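Written below as structure tokens is the structure these notes are about.
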């Protein structure tokens, strides 16, 4: 199964980063592939929660259903998803590590795709993932003076 992984240091405590990345309502604000999320609770996700995400990955749009499989606050979070009307799907894992008052955040995406252009697709997904983490860092750090939950 192809896998992409991106890591970034975010200048915010680990609990804050985990709270933000596990709140599906916020995904479209930082992840370049996330267009819209439906059915997200008014809180960070927990084991068993399911959300619907409209996405665009490598110029392909679709709808994915994600279910939380692991939520070990504030270090580890895993969602497993399937693309509607498709055999495509994947697993997204978040790992957070406290480094003084900052957080080392890693996002890993393992996927199955119906598309045949795997090398090009893989490179595009990696670039989108890297861009998303840069946007996440900016999103969180620009709101560093706001208490959680904050308006977004």
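A few points about this structure:
- Members of the stretch 75-88 that are under 15 Å from the mean Cα position of the chain (by Cα) and surrounded by fewer than 17 Cβ atoms within 10 Å (Cβ to Cβ): 75, 76, 80, 82
- Residue tally, condition surrounded by fewer than 15 Cβ atoms within 10 Å (Cβ to Cβ) and not in a loop (DSSP other than H, G, I, E, B), over the stretch 6-45: 6
- Taking the stretch 55-68 as the range and being surrounded by fewer than 15 Cβ atoms within 10 Å (Cβ to Cβ) and assigned to a strand (DSSP E or B) as the test, the residues that pass are 56, 61.
- Qualifying residue in the stretch 78-97 (condition: at positive phi and either out of contact with any strand residue (DSSP E or B) (no Cβ under 9 Å at 6 or more places or on another chain) or at pLDDT below 90 (or both)): no
- Residue check, residue 115 in a strand (DSSP E or B), loosely packed, with under 14 Cβ neighbours inside 10 Å and touching a strand residue (DSSP E or B) at 6+ places or on another chain (Cβ under 9 Å): no
- If the condition is being under 21 Å from residue 86 (Cα atoms) and touching a helix residue (DSSP H, G or I) at 6+ places or on another chain (Cβ under 7 Å), then the stretch 112-138 contributes 113, 115.
The values are calculated or read from the model by the stated rules, or taken from the named source; none is laboratory data. Please read these numbers as outputs of a predicted model, since none were measured by experiment. Counting neighbours? That spans all protein chains shown, and the Cβs are built from the backbone with ideal geometry, glycine included.
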